[in-house]
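As structure tokens, the structure follows; a few thoughts come after it.
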Amino acid sequence: MGFVWFWIVAVMIAAYVVLDGFDLGVGILSPFLARVEDERRTLIRSIGPVWDGNEVWLLAGGGTLYFAFPLLYASSFSGFYLPLMIVLWLLIMRGVSIELRMHIDHNVWRSFFDGLFFVASALLAIFFGAALANVIRGVPLGTDSYFFLPLWTNWRVGPQPGILDWYTVIGGVVALVSLATHGALWLVLKAPGELENRARRAASALWVALLLVTLISLPATIAVRPSALDNYEAHKILYLIPALVVATLVGILSFTRQRKPLAAFLSSCLYLVFMLVGAAVGLYPTLLPSSTDPARDITIATAITGSHSLHVGLIWWSFGLLLALAYIITSYRLFRGKVTAEAGYGH
């Protein structure tokens with residue numbers, strides 16, 4: 001059951017990154033692609049019916065983590081209290097910017113919320129990437145499995161790191177570039193005319209940056225956590241995962257040039273999934289590594305809840321997942337096709 005719930009949590013996180021990732025990417029690109037008011041409206045309408053539903057996966061992932069691994073939930077939510085509060089405020093500001101933008105017909109009002117939409121989206125991507133990098137790098141767990149991290153210390157990886165150091169900054173940059181690329185490919189699918197063309201050009205330009213940061217992040221991860229290769233060495237077939245990451249990168253570029261937007265977007269989805277799966281494989285069975293003493297690592301065995309609860313929870317989780325999938329399929333099917341400034345979601 002520990003193995004099953006580890007991958008259930010991983011699936012929930014991957015679903016959030018893939019689904020909410022493209023609308024974060026749209027926010028990141030918004031000031032660079034939309035040049036007139038009609039294009040700004042089109043850009044918002046391209047994510048209008050789905051952005052808030054996508055964020056539900058973040059709540060579902062947190063709830064699943066709390067249910068299956070309560071020690072990990074308690075430790076991480078305590079130690080990462082400061083960045084989690086920042087993320088919470090960024091989520092609120094981003095939602096407010098989308099919902100209130102059209103309430104007053106004034107340039108200053110709209111420009112303020114357009115800027116808020118961009119800043120909140122970009123910082124969320126950076127903080128999510130840095131958060132994953134913190135988990136991979138490890139935190140200074142005490143004997144009671146709790147820890148505290150300042151926002152930064154000396155920017156070096158070591159026994160007493162900060163939330164931000166050179167490695168977690170790399171993680172933030174990878175997330176920023178990959179989600180911006182993801183958002184550009186979504187806009188190629190949803191936006192018409194010149195906005196679509198700009199999004200396609202942006203995706204092609206961002207692909208170069210994505211290739212570069214991906215190539216940097218992989219050896220950086222091995223340097224920070226050499227044990228991340230243990231599972232790969234024990235099961236050589238797992239080296240297919242980084243090979244699939246490369247294949248999805250090739251797919252993004254190739255399908256974008258061939259003007260096959262759906263295939264390019266799905267390649268971006270798979271890129272995000274395989275990057276996350278690769279990180280999860282490198283950590284398993286550790287959930288939160290210690291940067292001071294490996295004996296203090298929070299693992300599946302030390303964090304898992306009771307067996308009866310897990311079996312009952314699996315039934316209810318399966319039922320809830322089916323409902324969520326039905327909602328997603330229905331909403332995205334109804335929202336298929338291009339949007340315009342006049343037709344689409346009502347924001």
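Read the figures in this text as sums done on the coordinates, not as results from a lab. None of these values were measured; they are calculated from a predicted model. Counting neighbours? That spans all protein chains shown, and the Cβs are built from the backbone with ideal geometry, glycine included.
When each pair of different Cα atoms in the stretch 2-334 is counted once in the 1/r mean, what is the Kirkwood radius in angstroms, to one decimal? Write down the numbers at each step before the final one.
Working: mean 1/r = 0.0483 Å⁻¹.
One decimal place: 20.7 Å for the Kirkwood radius.
Calculate the length of the line joining the C-alpha centroid of the stretch 211-227 to that of the stretch 277-306, in whole Å.
Between the Cα centre of the stretch 211-227 and that of the stretch 277-306, the gap is 19 Å.
From the phi angles alone, apply the Karplus equation (6.51, -1.76, 1.60; θ = phi - 60°) to the stretch 186-203 and give each ³J(HN,Hα) in whole Hz, x where the residue is Gly or Pro.
5, 5, 4, 6, 9, 8, x, x, 5, 5, 4, 5, 5, 5, 5, 5, 5, 4
Please arrange S78, S121, S307, S204 by how many other C-beta atoms lie within 10 Å of their C-beta, fewest to most. Write out the running numbers ahead of the final one.
Working: S78 13, S121 26, S307 10, S204 16.
By the 10 Å Cβ count, ascending, the order reads S307, S78, S204, S121.
Quick one: among W186, W316, W89, which has the greatest mean-square fluctuation in a GNM of the chain with alpha-carbon springs under 10 angstrom?
Top of the fluctuation ranking is W316.
So if I place +1 on the C-beta of Lys and Arg and -1 on the C-beta of Asp and Glu, and nothing else carries charge, what would the dipole magnitude of the chain be about its Cα centre? I want it in debye, nearest 20.
Working: 22 positive and 19 negative charges, 179 e Å.
The dipole magnitude comes to about 860 debye.
Enter the angle in degrees (range 0 to 90, nearest 10) between the Cα long axis of helix 307-334 and the first principal axis of the Cα atoms of the chain, meaning the one along which they spread out most.
For 307-334 against the chain, the angle is about 10 degrees.
Sequence neighbours fewer than 8 away in the same chain don't count; with that in mind, list the lysines whose C-alpha is under 22 Å from K260.
K190, K338
Express in whole angstrom the spacing between the alpha-carbon centres of the stretch 16-67 and the stretch 315-343.
Centre-to-centre distance over Cα atoms comes out at 14 Å.
Quick query: amide H of I298 versus all other amide H atoms, modeled in the peptide plane; which residues come in under 5 Å with a sequence gap of 5 or more or a different chain?
When sequence neighbours closer than 5 places are left aside, the close amide H contacts are L287, L288, S290.
Taking 0.36 nm per residue of sequence separation and subtracting the Cα-Cα distance, how much length would be gained by fully extending the chain between V312 and I237, in nm to one decimal?
On the way: separation 75, 0.36 × 75 = 27.00 nm, distance 3.30 nm.
Full extension from V312 to I237 adds 23.7 nm.
Taking a virtual spin label 7 Å from the Cα of S111 along the C-beta vector, which residues in the stretch 36-58 bring their backbone nitrogen under 18 Å of it?
Counting only backbone N, you get 36-41.
Let me know the volume per residue of the alpha-carbon convex hull for the stretch 175-247, in Å³. Mind showing how you got there, number by number?
On the way: hull volume 6.5 nm³, N = 73.
Per residue, the Cα convex hull of the stretch 175-247 comes to 89 Å³.
Which whole-number percentage describes the relative contact order of the chain, with Cα contacts under 8 Å and a sequence gap of 6 or more? Before the final figure, lay out each step's value.
Working: 473 pairs, mean separation 92.3, N = 347.
This gives 27 percent for the chain.
Quote to one decimal, in nm, the extra length available between R259 and T330 on full extension: 0.36 nm per residue of separation minus the C-alpha distance between them.
Working: separation 71, 0.36 × 71 = 25.56 nm, distance 2.62 nm.
22.9 nm is the gain from fully extending R259 to T330.
Exposure proxy check: I216, I237, I136, I329 ranked by fewest other beta carbons within 10 Å?
Working: I216 13, I237 7, I136 22, I329 10.
So the ranking, lowest neighbour count to highest, is I237, I329, I216, I136.
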